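In what follows, a structure is listed as structure tokens, so that the remarks can point back to it.
Just so it is clear, none of the values below were taken in a lab; they were calculated from the coordinates. None of these values were measured; they are calculated from a predicted model.
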Ligand SMILES: [Zn+2]
């Protein structure tokens with residue numbers, strides 16, 4: 001059975017750990033720091049680190065690679081066109097038959113050029129592409145690329161659990177509420193997340209079915225979201241990409 005755990009890193013990063021009780025192996029995703037993972041491996045001493053999966057090259061996702069590899073020899077799976085010393089360079093579309101889990105690799109460029117997401121049994125590890133109630137900033141790709149990546153993730157099973165790499169939910173929900181002040185589901189989620197944060201508990205994973213009702217970046221084709229965005233941004237936004245682009249720029253300055 002697959003168990004998913006997390007380690008917090010820096011101020012708001014999550015390093016996700018997948019462990020399989022049957023094979024006694026585990027996978028670490030985006031280890032921005034090694035210390036927490038090495039301590040976790042000591043506690044879970046009967047689990048062998050089978051692989052390190054990387055979504056993109058930013059330091060807060062890769063900073064722990066060297067020390068982890070030195071300690072465990074685990075191979076690195078990472079995007080092919082990014083500055084990462086990968087043992088297995090991936091471009092998206094691959095299926096990784098690992099002992100811990102079968103992983104489908106999905107190309108999700110936009111935040112960075114080669115950004116990848118990893119899917120296993122309705123669990124999606126999407127780095128800095130899709131966040132709870134938000135999406136990543138566009139650093140290297142284009143808005144169209146990022147929007148297409150999000151559309152691709154939006155087509156997954158509605159039951160998909162979204163394990164993003166940052167705890168940005170509260171700020172994302174506040175932005176979503178600013179755009180759609182009458183969306184009751186956003187208000188409920190906001191109240192829920194405030195309670196979790198007060199107890200220092202993560203708001204992640206979120207579920208895709210919920211995201212499709214609250215996440216403005218997944219709903220740019222929704223007529224009521226589009227109307228709300230035009231009203232808030234005081235712009236006449238004609239198509240869904242224009243809505244996405246304007247919303248993303250507004251969030252950059254929120
Ligand atoms: Zn990043």
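Things worth noting here:
- Dimensions of the chain along the principal axes, based on C-alpha atoms and rounded to the nearest Å, stand at 55, 39, 30, largest first.
- Separation of alpha-carbon centers, the range 195-254 and the range 118-180, rounded to whole Å: 10
- Kirkwood hydrodynamic radius of the range 158-232, from inverse mean 1/r over distinct Cα pairs, in Å: 12.8
- Take every pair of alpha-carbon atoms less than 8 Å apart whose residues are at least six positions apart; their mean separation over the length of the range 42-125 yields a relative contact order of 23 percent.
- Remark on the range 109-254: Rg and Dmax equal 14.3, 42 Å (Cα only).
- For the chain, modelled as a GNM whose springs connect Cα atoms under 10 angstrom apart, the maximal fluctuation among 193, 243, 43 occurs at 43.
- Tilt relative to the chain, helix 169-179 - C-alpha long axis, 0 to 90 degrees, to 10: 20
- Mean projection of the Cα convex hull over all viewing directions, computed for the range 29-69: 2.6 nm².
- Antiparallel bridges, percent of DSSP beta bridges restricted to the range 1-72 (to nearest 5): 70
- Relative to the longest principal axis of the Cα atoms of the chain, helix 223-233 runs at roughly 80 degrees.
- Fraction in percent of alpha-carbon pairs per bin - 10 Å, the range 77-131: 26, 56, 18, 0
- Subtracting the Cα-Cα distance of residue 121 and residue 252 from 0.36 nm times their residue separation leaves 43.9 nm of extension gain.
- Spread of Cα-to-Cα distances over 10 Å intervals beginning at zero, given as percent, for the range 1-140: 12, 47, 35, 5, 0
- Whole-Å semi-axes of the range 19-96's equivalent ellipsoid (Cα gyration tensor): 21, 15, 9
- Among 50, 33, 94: highest mean-square fluctuation, GNM of the chain, C-alpha pairs under 10 Å: 94
- Note on the chain: GNM, Cα springs under 10 Å; of 149, 157, 117, the largest mean-square fluctuation is that of 157.
- Length-normalised contact order of the chain in % [C-alpha pairs under 8 Å, at least 6 apart]: 13
- Nearest-ten-degree value, helix 184-198 long axis tilted from longest Cα axis of the chain: 40
- Inter-centroid distance (Cα atoms) of the range 1-70 relative to the range 92-117, Å: 16
- Ellipticity at 222 nm from helices only: DSSP H runs of n ≥ 4 in the chain, each -39500 (n - 2.57), divided by the residue count, give -10500 deg cm²/dmol.
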